[in-house]
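Following: one structure in structure tokens, then a few remarks.
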Amino acid sequence: MNFKMRIVVMALAFGVIFSQTSGVAISASAPKVPSKLILLTVDKTRSAQLSFPYMLGASNGSEILRVEYSTDAGSTWLTSAQSPIVLTGLVNGRTYSISTRAVNAVGNGIVAIKSGVSTALVNVITFTSPTAMKVNDQDQVLLVSASGGETRIYSTTPTICRVILNKVRALAKGTCRLTASNPGNSEVKIAKNISKSFVISNSTPTAPGIQQPLTFANIRLIAPLVDFSNSMVQEGSATHFVNQGWFASGLKYLTHEVAVGATLTLTYHATDQVGLPLVNKVVRLAVNKQYSSSNASFFVPATGATITPVAISQNGGLLSGTTDVNGNVSFTITNTNTANQVGNYTDKFENNSADSRIFSQVMPSILGQPSEAVDLIDFQFHKPIPTGAARPSCAIGYLWCAEFNETASAFSASANNSSQWEPGLGNGCPRLCGIAGGDYISYQAENNALDGLGNLVMTAKRAGASSYTCSSGNACAWTSGKLLTKDRVSFKYGKIEARIKVPAGSGAFPAFWMLGQDIDQNPWPGTGEIDIMEASGGNPNVLWMTAHSPTSACMPYCGGLSHAQKPDLNTITHTTSLADDFHTYGIEWEPDYIRWTFDGVKKVEVRKSDVSCASCWQFNKEMFLILNVAMNPNFSGPIPSSLQTTSMKVDWIRYSKYNGYGSLTMR
């Protein structure tokens with residue numbers, strides 16, 4: 001609307017001294033809320049941190065008072081002091097989104113949203129070339145370092161050389177080829193593999209007629225294979241034993257799991273100080289070695305003798321054998337403990353800290369310490385994995401199900417349950433250290449129960465003055481329940497659904513998820529992980545649906561914490577708290593494709609083409625199920641002191657074919 005205005009200036013003594021008429025335009029519209037912020041390119045140059053720079057949009061007739069942002073889809077808003085908005089303490093590989101808005105006197109402006117993926121720093125391996133060796137030389141220390149993470153070295157010519165405890169052992173004449181890999185960690189990316197090679201020649205034979213006096217012996221276990229790939233390496237203890245003068249340099253100390261009742265045939269290879277085979281030498285094998293607190297029992301088939309736990313200062317048994325022309329000698333012993341005496345089913349030490357430990361320390365000797373380097377092995381015995389599990393009785397159309405309809409009892413009391421589910425125990429180390437809440441939780445079998453109303457109940461409880469140790473090394477604040485079908489039931493493709501009521505309370509972190517059946521040979525994240533459901537007590541309306549995979553080709557070893565998450569938009573926000581009622585969580589899984597569903601409705605999806613490399617897709621294989629309730633303030637919000645217990649209820653789990661795909665393996 002336009003008006004004309006006349007301005008007149010007067011003085012009492014002089015009358016009018018100035019007069020002017022001009023047009024004035026007055027806006028007919030009132031001030032409005034601000035326009036969207038202009039969100040610029042996300043800065044990802046720092047590990048575990050994202051910076052979201054922004055510029056102000058139009059103020060729309062009212063001064064902008066402040067800029068606000070939200071990291072929980074608008075549930076809470078924080079004030080930004082200046083551009084950029086910086087998020088720290090993030091998990092690398094995870095997608096983070098922020099909502100932003102400007103605020104003026106009229107109200108909150110239009111929301112602008114930006115997402116970014118937190119990225120680890122570049123990781124570089126430095127690998128010094130090994131020098132030439134001869135067969136049966138002392139193991140050569142390998143010099144390797146990296147920007148971060150754990151570097152592993154493996155041999156691609158295992159018949160020529162083998163890597164043991166970061167040393168290379170010359171086995172035969174030829175070219176030894178080694179590869180160093182590093183999967184990165186929370187700070188650095190997976191590194192580019194570095195390969196080195198060197199020549200191994202035959203040992204120099206002793207001159208005819210000249211016999212070298214035996215001053216040092218190497219006695220190594222060559223069968224069965226016991227190394228870092230299938231055993232727990234006790235490198236710190238070995239170093240301590242050597243420093244104390246109890247053993248010679250070159251001691252290798254490992255813990256290896258064996259099924260109770262197994263017959264072990266142990267073959268050793270003995271060489272002298274220059275690497276020549278020791279022929280026709282007597283080797284003594286201590287079983288239940290003195291000062292080891294060994295408590296296993298054995299039968300010796302060759303002699304009919306028995307070996308039992310004895311006083312700590314004595315050897316339980318001392319067997320004798322003579323090396324052959326190749327320097328080899330074998331001993332056979334049969335374990336006579338029973339399943340009700342030993343700890344848990346084998347899980348490659350995931351439950352090691354919680355096992356009821358029945359073990360035998362075994363050591364060979366020729367000259368006696370400290371004039372020999374040996375392999376010292378703790379053989380730890382576990383329950384045999386149940387076989388021939390009966391397929392559950394399920395409704396028509398389902399290949400497998402878990403209905404949890406038994407009478408109220410401890411979950412393990414059901415024979416069928418124990419043949420298909422294994423309780424996860426302890427903090428998950430070393431295979432899943434820090435994964436699934438191991439920093440705060442010690443998983444215990446008694447936290448899993450059947451309520452007699454058709455539900456599995458998994459309960460997290462404050463541990464009080466806890467005697468349990470978490471992966472952080474501190475006492476665990478909580479105990480909780482965890483179950484898995486590993487080595488019992490595995491699934492490849494198909495439709496998997498579970499009806500679950502998640503636990504309430506800030507800090508609660510329930511999950512229904514899957515890992516690759518090959519995890520023992522292909523550590524996380526190389527094994528692949530499908531999170532069918534993850535929920536957060538601190539964000540009770542939000543559901544996470546995620547596939548975790550390696551960030552680049554890293555076979556044969558893919559362990560570490562550097563991983564990729566897909567799909568990029570992997571959450572939905574429900575209208576009410578997920579803990580208010582039961583909901584159905586599921587996936588529809590085909591070759592190269594996974595789709596997530598919530599209460600039967602399709603929500604998000606991921607394809608093989610979405611990941612960074614072809615071999616990064618780790619989901620076209622058998623996988624097993626896991627259920628657990630973690631307590632994790634980093635992911636699920638601070639845990640209030642008033643929260644003492646919280647539970648997840650599982651009504652049922654059902655598995656069927658989907659689009660013709662779906663196969664079940666019961667072991």
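Work out the charge dipole of the chain with +1 on the Cβ of Lys and Arg and -1 on the Cβ of Asp and Glu about the Cα centre, then indicate which of SER292, SER612, THR571 is farthest towards its positive end.
SER612
At a Förster distance of 35 Å, what's the computed FRET efficiency of ALA105 paired with ARG462, Cβ-Cβ distance as r, to 0.05?
0.15
Given the Cα-Cα distance of ALA410 and SER145 and 0.36 nm per residue of separation, how much length would full extension add, in nm? Mind showing how you got there, number by number?
On the way: separation 265, 0.36 × 265 = 95.40 nm, distance 4.85 nm.
The ALA410-SER145 span can extend by a further 90.5 nm.
Excluding residues on the same chain fewer than 8 positions from LYS621, give the aspartates and glutamates whose Cα lies under 15 Å from its Cα.
The reachable aspartates and glutamates, counting only those whose Cα sits under 15 Å from LYS621, are ASP487, ASP518, ASP520, GLU529, GLU588, GLU590, ASP592.
Evaluate 2.2 N^0.38 Å with N set to the residue count of the range 71-143, then give the Cα radius of gyration divided by it.
Details: Rg = 25.2 Å, N = 73, 2.2 N^0.38 = 11.2 Å.
Output field value: 2.24.
For the range 124-268, divide the Cα radius of gyration by the Kirkwood radius and give the resulting Rg/Rh value with two decimals.
The Rg/Rh ratio comes out at 1.01.
Counting only DSSP beta bridges with both residues in the chain, tell me the antiparallel percent, nearest 5.
Within the chain, antiparallel bridges account for around 90 percent of the total.
Which residues does the label zone of GLN273 cover in the range 108-145, counting backbone N under 14 Å from a point 7 Å along Cα→Cβ?
Hits in the range 108-145 for GLN273 at 14 Å: 138.
Among the lysines, which fall within straight-line cross-link reach of LYS36, defined as a Cα-Cα distance under 25 Å, with same-chain neighbours fewer than 8 residues apart omitted?
LYS44, LYS114
Cβ under 12 Å from ALA191's Cβ, ALA191 left aside: what net charge do those residues give with Lys, Arg +1 and Asp, Glu -1?
+2
Taking the Cβ of ILE653 as the centre, find all other residues whose Cβ is under 11 Å away and add up their charges (Lys, Arg: +1; Asp, Glu: -1). Intermediate results must be reported in sequence, preceding the final value.
Working: positive: ARG499, ARG654; negative: GLU403, GLU497, ASP651.
Charge balance near ILE653 sits at -1.
So what is the orientation-averaged projected area of the range 450-533, using the convex hull of its C-alpha atoms, in nm²? It would help to have the intermediate numbers written out before the result.
On the way: hull surface 31.8 nm².
Mean shadow area of the hull around the Cα atoms is 8.0 nm².
Percent of alpha carbon pairs in the range 588-667 separated by more than 17 Å?
Summing the P(r) tail past 17 Å for the range 588-667 gives 66 percent.
Expected output is a single nm value to one decimal: the length gained when fully extending between SER330 and LEU78, i.e. 0.36 nm times separation in residues minus the C-alpha distance. What is it?
Full extension of this stretch gives 83.7 nm more.
Can you give the accessible area of LYS608, probe radius 1.4 Å, in Å² rounded to 10?
Here the residue's solvent-accessible area equals roughly 70 Å².
In whole Å, how far is the Cα centre of the range 561-581 from that of the range 103-162?
Value for the Cα centre distance between the two parts: 28 Å.
If N is the number of residues in the range 71-199, what value comes out of its Cα radius of gyration divided by 2.2 N^0.38 Å?
Normalised Cα radius of gyration, the range 71-199: 1.78.
Please report Rg (one decimal) and Dmax (integer) in Å for the Cα set of the range 183-332.
Here Rg and the maximum Cα pair distance are 19.2, 61 Å.
Show log10 I(q)/I(0) for the range 29-88 at q = 0.15, 0.22, 0.24, 0.31 Å⁻¹, two decimals, from a solvent-free Debye sum over equal Cα scatterers.
These q points yield log10 I(q)/I(0) values of -0.53, -0.97, -1.09, -1.33.
With no solvent and one point on each alpha carbon, what is the Debye value of log10 I(q)/I(0) for the chain at q = 0.07, 0.12 Å⁻¹?
Values returned for q = 0.07, 0.12 Å⁻¹ are -0.58, -1.34.
Would you check the accessible area of ARG177, probe 1.4 Å, heavy atoms only, in square angstrom rounded to 10?
Only protein atoms counted, so the area is about 120 Å².
Can you give me the % of accessible surface on the chain that is carbon or sulfur? Probe 1.4 Å, all protein chains present, nothing else counted.
53
Roughly how large, in nm² to one decimal, is the mean projection of the convex hull of the alpha-carbon atoms in the range 126-180?
For the range 126-180, averaging the hull's shadow over all directions gives 3.5 nm².
Determine the calculated [θ] at 222 nm for the chain from helices alone, applying -39500 (n - 2.57) to every DSSP H run no shorter than 4 residues and normalising by the residue count; nearest 500 deg cm²/dmol.
-500 deg cm²/dmol
Return one quarter of the surface area of the convex hull spanned by the alpha-carbon atoms of the range 494-606, equal to its mean projected area, in nm².
Averaged projected hull area, Cα only: 7.4 nm².
Using only the Cα atoms of the range 269-343, what are the Rg and Dmax in Å?
14.9, 47
Where does the charge balance sit around GLY321 when Lys and Arg score +1, Asp and Glu -1, over other residues with C-beta under 10 Å from its C-beta?
Taking every other residue near GLY321 into account, the sum is +1.
Going by accessible area, probe 1.4 Å, with all protein chains left in place, what is the ranking of PHE509, PHE299, largest first?
On the way: PHE509 25, PHE299 80 Å².
Largest accessible area first, the residues go PHE299, PHE509.
Work out the length of the dipole vector of the range 547-665 about its Cα centre, built from +1 on the beta-carbon of each Lys and Arg and -1 on the beta-carbon of each Asp and Glu, and round it to the nearest 20 debye.
Dipole of the range 547-665, to the nearest 20 debye: 200 debye.
Provide the per residue accessible area, probe 1.4 Å, for the range 45-100, rounded to a whole number of square angstrom.
Ligands and nucleic acids excluded, the result is 51 Å² per residue.
The values are calculated or read from the model by the stated rules, or taken from the named source; none is laboratory data. Model, not experiment: these values are computed from the prediction. Quick reminder, even Gly has a Cβ in these numbers, built from the backbone with ideal geometry, and neighbours come from all protein chains shown. Just the protein is used for accessible areas: all its heavy atoms, side chains included, with ligands, DNA and RNA removed. Shrake-Rupley method; radii C 1.70, N 1.55, O 1.52, S 1.80 Å.
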